[in-house]
Every structure is written in C-alpha cells, then in structure tokens.
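Peer 1: Provided herewith is a single structure, encoded as structure tokens, for subsequent inquiry.
Bear in mind these aren't lab numbers, they're just calculated from the coordinates by the rules spelled out. On a predicted model such as this, the values are computed, not experimentally measured, just so you know. Cβ: placed from backbone, ideal geometry, glycine included. Neighbour counts: every protein chain shown.
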Amino acid sequence: MPRESSVPACSEEDALSCCAPARELLAIEPDGIFLSNGPGDPAALTYAIDNVRQIVKTDVPTFGICLGHQILGLAVGGETFKLKFGHRGANHPVKELQSGKVEITSQNHGFAVDPNSLPSDVKVTHLNLYDGTVEGFCHTSKPVFSVQYHPEASPGPHDADYLFLQFLDSMEKR
C-alpha cells in the first residue's frame, strides 16, 4: 500500500521549521543542520526526505537522531522497515563499530534503516546489540552522520557526548 504524505501548513513563525524548503534553510548559511526526533513512519514524510536529500548534496554538516536518522537514511537512498516490537526505553546496548565501545542508549522508535539498502558511499557505524539493527551511519564523502537512538538523553550517563563534539568539529572545519 503506498504511503501518503501531506506537507504540513506552516505559519510565519514556523518559517524555519520542518516544512521550510531546503533552499530557505540553506539561504541563511547555517553552520550545521540538526535533524531531530519525532513520531511516526519516516517514509510518509516525503517533504522532509526531499529537503534532506537537497541538504546532503551540499557540504553543510548534518546530524540526525531517531526520526532524523531515519529521514536521513531515506534521503541518501536507503529504505526503512517497521520493527516487530520497536525499541522503547533505556538500557539498549549499541556498539560503535570503529572503536568497539558499547554505549548504553535510550530509544523510542518503531522503524529502522535497512542496511542492505544503503548506497556504497554510506557506511554503518553503530549496531544494536539486541537485534543487530542499524543504530548509526555516516556518509563517506559528506559531513553527514546520524544515530537511531537519543544521544541527548544521556542514559549512559554520557556515553554519546562524543557525537555532539563530532558535529561541532564538522561545523568548525567548514
């Protein structure tokens, strides 16, 4: 069954909200773009996927979490799927593949990015140790990365602080 989406109505106060066209976001020359969490099926948010696809083509550092991670996955050419039970609550172990460190994370989502659908210029960086699903990825030639969990929740208590430092560093290098 095809997924439908409608662009949300934006007020003047919401000019730089989720429904702002990418060209408007890029016109303010942001240091970086943060794609936050939110509810629902990411594939239904076609306006957001299209905007993020345009942003990825630039060199603007982009960091996505939770729903932002899923939208970014779709924007780079990947696919998402509905999890049988979803990931809810704290204490979800996630392995950061480069270092081998395990982070204790907080999660609240029902969809995941399909690793087999990601293009060759995107690499998986984090895996869920409960079910092996993708918990993070990065673009290999753009300053773009994301994680499926909530690094701002600090359940570890500070296991994921390095992600925000990585985002700040990518903006400073620009």
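Peer 1: What ranking, highest mean first, results for peptides 158-167, 26-35, 47-56 when packing means the other Cβ atoms within 10 Å averaged over each residue? Please report the intermediate quantities before stating the final value.
Peer 2: Numbers: 158-167: 15.9, 26-35: 14.4, 47-56: 19.5.
In descending order of packing, they fall as 47-56, 158-167, 26-35.
Peer 1: Can you give the convex hull volume of the alpha carbon atoms of the chain per residue, in Å³? Spell out each step's value before the answer.
Peer 2: Numbers: hull volume 21.0 nm³, N = 174.
It is 121 Å³ per residue.
Peer 1: I would also like to ask the following. Given Cα pairs under 8 Å that are at least 6 residues apart, what percent is the relative contact order of the stretch 128-174? Intermediate values should be presented prior to the final figure.
Peer 2: Working: 26 pairs, mean separation 9.9, N = 47.
With pairs under 8 Å counted, the relative contact order is 21 percent.
Peer 1: When the Cα centres of the stretch 114-174 and the stretch 17-86 are compared, how far apart do they sit, in Å?
Peer 2: Each part's Cα centre sits 14 Å from the other's.
Peer 1: Express in nm, to one decimal, how much length is gained between S99 and R174 on full extension, taking 0.36 nm for each residue of separation and deducting their alpha carbon distance.
Peer 2: Numbers: separation 75, 0.36 × 75 = 27.00 nm, distance 2.51 nm.
That works out to 24.5 nm of additional length.
Peer 1: Using the per-residue mean of other Cβ atoms lying within 10 Å as a proxy for protection, in what order, highest first, do the peptides 63-76, 114-127, 137-150 fall? If you can, show how the numbers build up before the last one.
Peer 2: Values: 63-76: 25.6, 114-127: 15.8, 137-150: 21.7.
Ranking the peptides 63-76, 114-127, 137-150 by packing returns 63-76, 137-150, 114-127.
Peer 1: Given a cut-off of under 8 Å on Cα pairs at least six residues apart, what relative contact order in percent is computed for the chain?
Peer 2: On the way: 342 pairs, mean separation 35.7, N = 174.
Result for the chain is 21 percent.
Peer 1: Right, something else. Which percent, nearest 5, of DSSP beta bridges in the chain are antiparallel?
Peer 2: Bridges in the chain that DSSP calls antiparallel: roughly 75 percent.
Peer 1: Tell me whether the stretch 119-172 comes out rounded, prolate or oblate; compute the Cα gyration tensor, take square roots of the eigenvalues as a ≥ b ≥ c, and use a/c under 1.5 as the rounded threshold. Intermediate results must be reported in sequence, preceding the final value.
Peer 2: Values: a/c = 3.21, a/b = 1.08, b/c = 2.98.
It is oblate, given that a/c is not under 1.5 and a/b is not larger than b/c.
Peer 1: As a check on your grasp of the helix formula, calculate [θ] at 222 nm for the chain: sum -39500 (n - 2.57) over DSSP H runs of n ≥ 4, divide by the residue count, round to the nearest 500.
Peer 2: On the way: 4 runs with 39 residues, N = 174.
Result for the chain: -6500 deg cm²/dmol, rounded to the nearest 500.
Peer 1: Using the basic label-point model (7 angstrom from Cα toward the beta carbon), what is the F81 to A27 distance in nanometres?
Peer 2: Going from the F81 label point to the A27 one covers 4.1 nm.
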